[in-house]
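Novice: After the structure tokens below, expect a handful of questions from me.
The values are calculated or read from the model by the stated rules, or taken from the named source; none is laboratory data. Keep in mind that this is a model prediction, so the values were computed, not measured. Positions of Cβ are backbone-derived with ideal geometry, glycine not excepted, and every protein chain shown enters the neighbour counts. These area figures cover heavy atoms from the full protein model, side chains too; ligands, DNA and RNA do not enter into them. Shrake-Rupley method; radii C 1.70, N 1.55, O 1.52, S 1.80 Å.
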Amino acid sequence: MASYQLKNQTPGVPPSQEYYDCRYAVLREPIGFPRGAEILSDDDQAIHAWIEQEGLVIAVGRAHLIPPTSDGTASDHAGAGASKCPGFGPLKQSNYRPAIQIRQMGTRAEHQRNGYAAKVLESLENQSASFFDANYGFLQARANAVPFYLSQGWEVIDEPYDIKGIGPHLSMMKRLKT
């Protein structure tokens with residue numbers, strides 16, 4: 001396995017084009033979305049983590065603080081016609097705040113099953129607990145990614161649902177601080 005670098009950045013700086021290229025190639029292009037669907041309107045307010053190997057971004061993810069008045073309901077992407085992702089039921093209780101949401105996790109197919117996603121996720125969890133002072137993390141996992149998140153200590157918190165144009169998902173959560 002070639003050497004890799006785990007990189008991250010805190011809010012205030014938008015990700016690089018190479019980061020977005022990976023996000024598009026892994027998460028949007030395979031399901032027929034146009035370029036631009038990989039960009040979220042609040043990317044400049046998120047923590048981003050990624051793995052680079054020999055100058056190529058091969059795994060990505062991001063985390064943002066869920067506003068205190070929000071249950072996490074959000075558009076799937078910044079473009080026109082974006083599907084709505086449902087909120088997280090536990091956020092109706094204040095003891096789950098501050099809370100973050102992990103989104104846009106993906107690893108290029110030829111680099112999967114090498115632990116890169118776990119490194120990106122762990123970085124996002126740690127950075128979120130530190131930078132945002134987050135107590136809990138929430139995410140909406142594609143059905144095929146649920147076993148990965150379970151292996152990383154996340155738990156399913158609802159029944160499966162469908163996000164139009166993307167497919168079946170389950171909402172999950174994890175305590176970030178003890």
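Novice: Going through Ala141, Ala134 one at a time, which residue ends up being small (Gly, Ala, Ser) and crowded, with 22+ Cβ neighbours inside 10 Å?
Specialist: Result: Ala134 is the single residue among Ala141, Ala134 that is small (Gly, Ala, Ser) and crowded, with 22+ Cβ neighbours inside 10 Å.
Novice: Next up: What are the pairs with Cβ atoms under 7 angstrom where one residue, in the stretch 59-71, is closer than 12 Å to Leu91 by Cα and the other, located anywhere, is part of a loop (DSSP other than H, G, I, E, B)? Sequence gap at least six, or different chains.
Specialist: Between residues of the stretch 59-71 that are closer than 12 Å to Leu91 by Cα and residues that are part of a loop (DSSP other than H, G, I, E, B), the close pairs are Ile66/Gly72; Pro68/Arg97; Asp71/Gly87; Asp71/Phe88.
Novice: Also, quick follow-up: Being surrounded by fewer than 21 Cβ atoms within 10 Å (Cβ to Cβ), at negative phi and not basic (Lys, Arg) is the filter here; which residues of the stretch 92-115 pass it?
Specialist: Answer for the stretch 92-115, where residues must be surrounded by fewer than 21 Cβ atoms within 10 Å (Cβ to Cβ), at negative phi and not basic (Lys, Arg): Gln93, Ser94, Asn95, Tyr96, Pro98, Ala109, Glu110, His111, Gln112, Asn114.
Novice: Could you check, for the stretch 62-73, whether at least one of its residues is more than 21 Å from Ser128 (Cβ to Cβ), over 12 Å from the mean Cα position of the chain (by Cα) and open to solvent by less than 70 Å² (accessible area, probe 1.4 Å)?
Specialist: No: the stretch 62-73 contains no residue that is more than 21 Å from Ser128 (Cβ to Cβ), over 12 Å from the mean Cα position of the chain (by Cα) and open to solvent by less than 70 Å² (accessible area, probe 1.4 Å).
Novice: If you don't mind, another one. Does His48 meet the test of being surrounded by 14 or more Cβ atoms within 10 Å (Cβ to Cβ) and more than 22 Å from Glu110 (Cα to Cα)?
Specialist: no
Novice: Considering Ala78, Ala37, which residue is in contact with a His (Cβ under 6 Å, 6 or more places away or on another chain), of a type in the set (A, V, I, L, M, F, W, C) and modelled with pLDDT under 95?
Specialist: None of the other options fit; the residue is Ala37.
Novice: When you scan the stretch 148-167, do you find a residue that is assigned to a strand (DSSP E or B), over 25 Å from Glu52 (Cα atoms), in contact with a strand residue (DSSP E or B) (Cβ under 7 Å, 6 or more places away or on another chain) and free of Cβ contacts under 8 Å to residues at least 12 places away in the same chain, even just one?
Specialist: yes
Novice: Please specify each residue of the stretch 15-43 satisfying the condition of being open to solvent by 70 Å² or more (accessible area, probe 1.4 Å), part of a helix (DSSP H, G or I) and not charged (D, E, K, R).
Specialist: Correct list: Gln17, Pro30.
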